[in-house]
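Notes for the one structure printed next.
The values are calculated or read from the model by the stated rules, or taken from the named source; none is laboratory data. As the structure is a computational prediction, the values presented were derived from the model and not from experiment. Counting neighbours? That spans all protein chains shown, and the Cβs are built from the backbone with ideal geometry, glycine included. For the accessible areas, the whole protein counts, side chains as well, though only heavy atoms, and no ligand, DNA or RNA atoms are used. Shrake-Rupley method; radii C 1.70, N 1.55, O 1.52, S 1.80 Å.
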Amino acid sequence: MPPKTIPVDPFDCVIFGGTGDLSVRKLLPALYHRDHDGQVPPRSRIFSISRKPMDAESYRRFVEERVGRHKADPESWDRFLARLDHLSLDAGGSDGWETLRHRLDEIPGQVRVFYLATAPALYGPVSARLGGAGLATPEARVVVEKPIGHDLASAKRINDEIGRVFAESQTYRIDHYLGKETVQNLIALRFANSLFEPLWSATWIDHVQITVAETVGLEGRADYYDTAGALRDMVQNHLLQLLCLVALEPPRAFDADAVRDEKIKVLRALEPIGGEEHALIRGQYRRGAADGQAVPGYQEELSGGKASRTETFVALRVGIANWRWAGVPFYLRTGKRLAARTSEIVIQFKAVPHSIFPRSAGGLEPNRLVIRLQPDEGITLHLMTKEPGPGGLRLKSVPLDLSFAETFTGRFPEAYERLLLDVVRGNPTLFMRRDEVEAAWTWLDASIRAWEEGNEAPKPYMAGSWGPTAATALIERDGRTWHEEAS
Ligand code: BG6
């Protein structure tokens, strides 16, 4: 059996925004868990950068308080804490960069990961400062989070600014959905089994649904979210990435350029949704209940109950104009304050061409493959079978279930654990290449423009529902239903 973890070279991880929300909720727990599992080599260090006046000791105390609940055992926790340091530096200013360089130079030749957990407006300036301080060495990599821009023009600007300092091969654009176990499993399911690929096209597939539903609201991110909305926050990146993995042609190999070359072909084949009426529904939640608790509406959550036309829900029908997918609609849907937290991809196969069974056997339901990303990761294939027992032939659709939690015991690593170590390894397969980000914006810009020209306010929906009724109508008009509404 190959080992479960692959060793990496010793590294320094420098997190700009080391006291921020992303670091506390995702990055530090991820690094700790990899350390606990013995995957972080000795001599590896983690530097937090922020404006806060803190030294290493006070930063460790901060991490103990805010992140400590993730610790699995005291020994590995202490080892992890000892790797932490903090430098007070204003990422927009000119002071402190020399100190950072000196600290990093104490151990020459290590892999250097610069993680920009900051506002995107700082990606360019921080890259320039890193370059100016001589820190963009060949063993350096820079990691940036979405949103990369607000539209194509701003994305290009940010990419240009980073590109002046770091080569594309050193630039890692994270989409954390690509690090989720089940998302990677989609690639395994398609290309490690002979069963599905012959059926994976317009010949046998009726349509595809991709749902990413959340029960949370703004989570204190109103400033950012109100300028973004669901299309920019979720569709431009996570949902389009999922769509690409469902739709791409078999890559030559599971390597960065082969996979990303195929993804970009899908993005470029997306049909514009601008002109078509009812192909894009936007919604905004009103007060209701989420997770069993009364919650305010979106505009009430914004400070001062500000009026806003930002969408917190979106449903769209997308076509892919290529040989494999012509005529197969992809229905995408995502929103906040929905009825349940669930992310899934549904592949709906076509009905058999002719039924040989008598009416008394009951109707035939077409096969359906459901890939659940969260919660309860797993795959379910709905098959028609004969109901056992006497009384003539009766047919029934039954689920063939592969629950990962039951099949694979042990802890599932979080997306960031995998992705952070891929950066250290220098493997960008699960990261977005510049042309992908820009192709996604090119398509989305046209849709947003068409929407804005229509000047329509988002449709209201009650918190705790499945979104505006127009989203149900979007799919029902085509004679289909959303998965949870059918089951
Ligand atoms: C982020 C979005 O990228 O993904 C958030 O900015 C969203 O608005 C989050 O809540 C969802 O991620 P996950 O992993 O909880 O499904």
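The gain in end-to-end length when the Arg101 to Asp435 segment is fully stretched comes to 117.1 nm, 0.36 nm per residue minus the alpha carbon separation.
Length gained on full extension, Lys386 to Ala167, computed as 0.36 nm times the residue gap minus the Cα-Cα distance: 73.0 nm. Summing Cβ point charges (Lys, Arg +1; Asp, Glu -1) relative to the Cα centre of segment 111-190 gives a dipole of roughly 20 debye.
Quantify, in whole percent, the carbon and sulfur part of the accessible surface of segment 21-87 (1.4 Å probe; protein heavy atoms only). Answer for segment 21-87: carbon and sulfur cover 50 percent of the accessible area.
Tell me, what is the percent relative contact order of segment 54-113, built from C-alpha pairs under 8 Å that lie six or more residues apart?
Once divided by the residue count of segment 54-113, the mean separation gives 38 percent.
For Lys156, the aspartates and glutamates whose Cα falls under 16 Å of its own Cα, not counting residues fewer than eight places away in the same chain, are Glu145, Glu168, Asp435, Glu436, Glu438, Asp445.
What a 1.4 Å probe finds exposed on segment 145-222 is 54% carbon and sulfur by accessible area, rounded to a whole percent. Counting only lysines at least 8 places from Lys459 when in the same chain, those with an alpha carbon closer than 22 Å to its own are Lys306, Lys336. Given R0 = 25 Å, the distance between the Cβ atoms of Ser194 and Arg324 translates into a calculated FRET efficiency of 0.90.
Normalised per residue, the accessible area of segment 400-487 is 47 Å², obtained with a 1.4 Å probe and no contribution from ligands, DNA or RNA. Taking a point 7 Å from the Cα of Ile6 along the Cα-to-Cβ direction, the residues of segment 400-427 with backbone N closer than 14 Å to it are 418-427.
Which order do the peptides 424-437, 183-196 come out in when sorted by mean C-beta neighbours inside 10 angstrom, highest first?
Result, highest mean first: 424-437, 183-196.
Centroid-to-centroid, using Cα positions, segment 96-157 and segment 412-435 are 17 Å apart. The distance linking segment 441-487 with segment 208-260 is 16 Å (Cα centroid to Cα centroid, whole angstrom). A simple spin-label model places pseudo-atoms 7 Å from Cα toward Cβ; at His278 and Lys306 they are separated by 3.5 nm.
Between Ala457 and Ala119, the FRET efficiency from the beta-carbon distance, with R0 = 30 Å, is close to 0.60.
Working note: 222 nm ellipticity from helices only, DSSP H runs with n ≥ 4, each -39,500 (n - 2.57), summed and divided by the residues of the chain, gives -9000 deg cm²/dmol to the nearest 500. Accessible area per residue for segment 284-326 is 50 Å², calculated with a 1.4 Å probe on protein heavy atoms, without ligands, DNA or RNA.
The value of relative contact order for segment 77-212, using C-alpha pairs under 8 Å at least six residues apart, is 19 percent.
Taking the average, over residues, of other Cβ atoms within 10 Å as the packing measure, peptides 281-287, 412-418 rank 281-287, 412-418 from highest down. Share of carbon and sulfur in the accessible area of segment 347-438 stands at 58%, probe radius 1.4 Å.
With contacts taken as Cα pairs under 8 Å at a separation of at least 6 residues, the chain carries a relative contact order of 17 percent.
Say R0 is 35 Å: what FRET efficiency, to the nearest 0.05, do Ala258 and Asp37 get from their beta-carbon distance? Intermediate values should be presented prior to the final figure.
Values: r = 29 Å, r/R0 = 0.83.
The computed FRET efficiency comes out at 0.75.
Need the full-extension length gain, Arg425 to Val216, defined as separation in residues times 0.36 nm minus the C-alpha distance. One decimal, nm.
Length gained between Arg425 and Val216: 71.8 nm.
Give me the accessible area per residue for segment 186-233, probe 1.4 Å, as a whole number in Å². I get 38 Å² per residue for segment 186-233. Between segment 328-352 and segment 374-391, the alpha-carbon centres lie 19 Å apart. When you count the other C-beta atoms within 10 angstrom of each residue and take the mean per peptide, 235-245, 129-139 line up highest first as 235-245, 129-139.
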